[in-house]
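Okay, so here's the structure we're looking at.
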Amino acid sequence: MGLGTGLVNNLLVLRGSTTALDPLERCSLLPTVLELICRKQTLQEEGMESQITKSDTPYDPSNKGTIQAFISYNSADRSKAERLKVCLEEYCIESFVAVRDIRQSQEWQKAIEEALFRADILIALLSEDFSNSDWTDQEVGVGIGRKIPIYPIKLGSDNPHGFLQKYQALEGNAEECAATIFRLLLGEDEREVVSQILRLRSKSVYLWQLANLNDKRDFPTSNRLAKFLDAIQELSNEEEQALIDLYNGSRYIFDANDFRQNILSQMYRLTGHGYKFEGSILTRADGQ
């Protein structure tokens, strides 16, 4: 029995029920299971026993289901930063954009410092005006010093400068860059700066997005999410079981062409386990 199954069963015991669930009912418990997976791995990694402190910053980093990004930009590129912020939200990446995300009553420098030291990743919008700002190079320096992932995005012909020279800049529109950043966090960025916890949270965000398809007749979104599966490098037993339950519990995932055509080979690549279909249900080929 997979660990994800064990977590579901433990939840049933806590709720006073021992009745077996069909895939759709099991799927309804997945949000709680995914939170437990993320919490357990965080405690193991950091040795933490208390709840994560919630913040009152405007971009709401208190949401455990999000990844926190700091967007460094020159004020001349504010509209581009705001567009990227919207696109990143498609992948549950909550972004701090100075000016927009600082309340009038807040001390602006303190708000920026708090956001910088809370960010999981830093995104630098490299335009010809970037280095003309009094703050952008300092913001990047904080990110480098904290050893968090830094993703420069080229807005023009200027290449990364200074300490940013060692980073490969991303190119494309806001939608393309947001998708690329999410793929990198899921597994394509193999640098040590992408911590195990950040990788875990990225995969949990992905599973959350799939869980949201249960209530939506949204095949385009399902097909879009299917394309991210090959960015993931491995699944834990819990994540494996969660993905199986999601797949079997939502026909909006199953009926999406990109999932249906690739799920067997992807599951083998990610877990080393053979899978097969029994009717429309995805099961382990070895019966476990």
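Derivation of every value follows stated rules applied to the coordinates shown; laboratory data play no part. Here the structure is a predicted model, which is why all the values come from computation and not from measurement. Note that we place each Cβ from the backbone using ideal geometry, even for glycine, and neighbour counts take in every protein chain shown.
Out of the trypsin sites (Lys or Arg not before Pro) in region 111-163, which ones are loop residues according to DSSP with at most 11 other C-beta atoms within 10 Å?
Taking region 111-163 and a limit of 11 other Cβ atoms within 10 Å, the loop trypsin sites (Lys or Arg not before Pro) found are Lys147.
Please list, by residue number, every one of the GluC sites (Glu not before Pro) in region 163-201 that is coil in DSSP and has at most 16 other beta-carbon atoms within 10 Å.
Within region 163-201, the qualifying GluC sites (Glu not before Pro) (loop, at most 16 other Cβ atoms within 10 Å) are Glu171, Glu190, Glu192.
Any idea how far apart Arg191 and Glu90 come out in nm if each label point goes 7 Å out from Cα toward Cβ?
Between Arg191 and Glu90, the simple spin-label model gives 2.4 nm.
Taking square-rooted eigenvalues a ≥ b ≥ c of the alpha carbon gyration tensor, is region 234-288 rounded, prolate or oblate, where a/c under 1.5 means rounded and, failing that, a/b exceeding b/c means prolate?
Cα axes put region 234-288 in the rounded bin.
From the phi angles alone, apply the Karplus equation (6.51, -1.76, 1.60; θ = phi - 60°) to region 183-198 and give each ³J(HN,Hα) in whole Hz, x where the residue is Gly or Pro.
Going residue by residue, I get 4, 4, 5, 5, x, 6, 8, 9, 5, 5, 5, 7, 5, 4, 5, 5 Hz, with x marking Gly and Pro.
Students often get this wrong, so check it: of Lys110/Lys166; Lys110/Lys154; Lys227/Lys276; Lys80/Lys203; Lys85/Lys154, which have C-alpha atoms separated by over 25 Å?
Details: Lys110/Lys166 29 Å; Lys110/Lys154 28 Å; Lys227/Lys276 21 Å; Lys80/Lys203 27 Å; Lys85/Lys154 16 Å.
Going by Cα-Cα distance, Lys110/Lys166; Lys110/Lys154; Lys80/Lys203 fall outside the 25 Å limit.
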